[in-house]
Amino acid sequence: MIRKQWSAMGLGALLAVLAAGLAFPAGAAADETTADAPKVNLVIDVSGSMRERDIDGQSRMAAAKQAFNEVLDATPEEVRLGIRTLGADYPGDDRRTGCKDTAQLYPVGPLDRTEAKTAVATLTPTGWTPIGPALLKAADDLDGGTGSKRIVLISDGEDTCAPLDPCEVAREIAAKGIGLTIDTLGLVPNTKMRRQLSCIAEATGGTYTSVEHTDELTEKVNQLVERAADPVVTPVAVEGAARCADAPALESGLYTDREEFGQERWYRVDVAPGQELRASVSVAADRAVNPDYAVLLRAVTEHGREIVRGEAAGNGRTDVISTGLRYPKPESDGDGGDGEEAETGAETVCLRVTNSFSAASGVKTSPGMPLELTVDVVDGPAQAADVASFGLGRGWWLLGVLVVAGFLAGVLWGWLSRWRVAVWRTN
């Protein structure tokens, strides 16, 4: 009898061990899947002004709840979604307490639609508008993982917790290089709110949208949540040097950096014979700058000889200015130019980025402005396809056809005209 009991216990233990062995790999796989999943944090303003009834005959809060319910129904399964509130809990007049009023309504993770809708239904417009503190907490909510990260901020007014400027907060988040994008939506916007929400979005490469109807809000939030599920290329954070000799070596890819006003940044790229270097740079004016500015991208040799350049100028009407260049390296280069020996291997090309932005009065210059650099080293074009014929390339043949066709049309028209005149005289 005792032997039977020990046998049963041993069999039970064996089954438990086998079950645990099967369970752990599945859990590990689930963790890996979660780590790569895209994450979205919806940040909703629940301040007292959300009571205003000026969106399709209902309050701003009611419009936001309706939009959230529809968005929750349409959220892709692979998206890990969370909801954070600002101004939802403290109804008093103490500014210090009101500016801490931000809470995680629904944690970022696999979405339980019923639970999330129940949480949204409890929201009541209450207090202050601490946008800056809410953004800092929302960024912490998204910490970890390698998937795309996006914050969608919905507000009907500007921040009421200065001097913690939410635009500066957004710049600090962008400077961390974690690939987090903040999109902002303004309900029934005014000029001051529009300026602030636009600044927040531009600092992280996001978008600002003005919303005045419930269906517009639903459509835009759906677009942003679905966009998070799209595969994206996350820029690699890199720090350019003050001279080419100390510059980081880059391969084909997308890079992000920060550049101070009037500063220059250097990067290095190896280009083998028969390859073509294609590079572009974009610098975002994420704060108030003086009009009339420019960005210059130069490709130079290690000895300082300029190979090619790209430049662009702005007059204050755009917040991002971009330029690019192309450098095809020949298969063989017998002419070393300014004393350089003929290259038989890869050539190191130095990329120099400079700007002529200047700060408006009272504007902070640190951290630097967001800089995005794209580097692509590809096989060079075929020689025959790139050679121009009489300066016209393949367009020469088209021009020849047009000339012949024009000549024949002229002859035909002349003959018809003479025939019509002859007929007219005869009649």
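The values are calculated or read from the model by the stated rules, or taken from the named source; none is laboratory data. Small disclaimer: the values here were computed from a predicted structure and weren't measured. Here the Cβ is made from the backbone with ideal geometry for all residues, glycine too, and neighbour counts use every protein chain on show. For the accessible areas, the whole protein counts, side chains as well, though only heavy atoms, and no ligand, DNA or RNA atoms are used. Shrake-Rupley method; radii C 1.70, N 1.55, O 1.52, S 1.80 Å.
Of the candidates D93, D73, D89, the single residue that is open to solvent by 60 Å² or more (accessible area, probe 1.4 Å), in a helix (DSSP H, G or I) and in the same structural domain as L185 (by TED's automatic domain parsing) is D73.
Of the residues that sit in the range 96-109 and are in contact (Cβ under 8 Å) with a residue 40 or more places away in the chain and not in a strand (DSSP E or B), which one is surrounded by the most Cβ atoms within 10 Å (Cβ to Cβ)? Taking the candidates together, the pick is C99. Of the listed requirements (1) at pLDDT 90 or above; (2) hydrophobic (A, V, I, L, M, F, W, C); (3) within 24 Å of P367 (Cα to Cα); (4) surrounded by fewer than 17 Cβ atoms within 10 Å (Cβ to Cβ), A247 misses just one: (4).
Residues in the range 280-311 that are assigned to a strand (DSSP E or B), touching a residue at least 24 places away in the same chain (Cβ under 8 Å) and of a type outside the set (D, E, K, R): 15 in all. Among the residues examined, D215 does not qualify as open to solvent by 10 Å² or more (accessible area, probe 1.4 Å), modelled with pLDDT of 90 or more, acidic (D, E) and assigned to a strand (DSSP E or B).
Contact map, the range 135-159: residues that are assigned by TED's automatic domain parsing to the domain that holds D54 paired with residues that are among the basic types (K, R) and not in a strand (DSSP E or B), Cβ distance under 9 Å, separation 6+ or inter-chain. Pairs shown: A139/K176; S148/R227; R150/R227; V152/K220; D156/R60; G157/K192; E158/K192; E158/R195.
Please tell me if D159 is out of contact with any strand residue (DSSP E or B) (no Cβ under 6 Å at 6 or more places or on another chain), open to solvent by less than 40 Å² (accessible area, probe 1.4 Å), part of a loop (DSSP other than H, G, I, E, B) and of a type in the set (D, E, K, R). So D159 passes the test. Checked against (1) in a strand (DSSP E or B); (2) touching a residue at least 60 places away in the same chain (Cβ under 8 Å); (3) out of contact with any Pro (no Cβ under 8 Å at 6 or more places or on another chain), R84 passes all but condition (2). Annotation note: Cβ proximity below 7 Å between a residue of the range 111-131 that is within 15 Å of V43 (Cα to Cα) and a residue that is part of a loop (DSSP other than H, G, I, E, B) and β-branched (V, I, T) (sequence gap 6+ or interchain) occurs for L123/V46; P125/V46; W128/T160; T129/T160.
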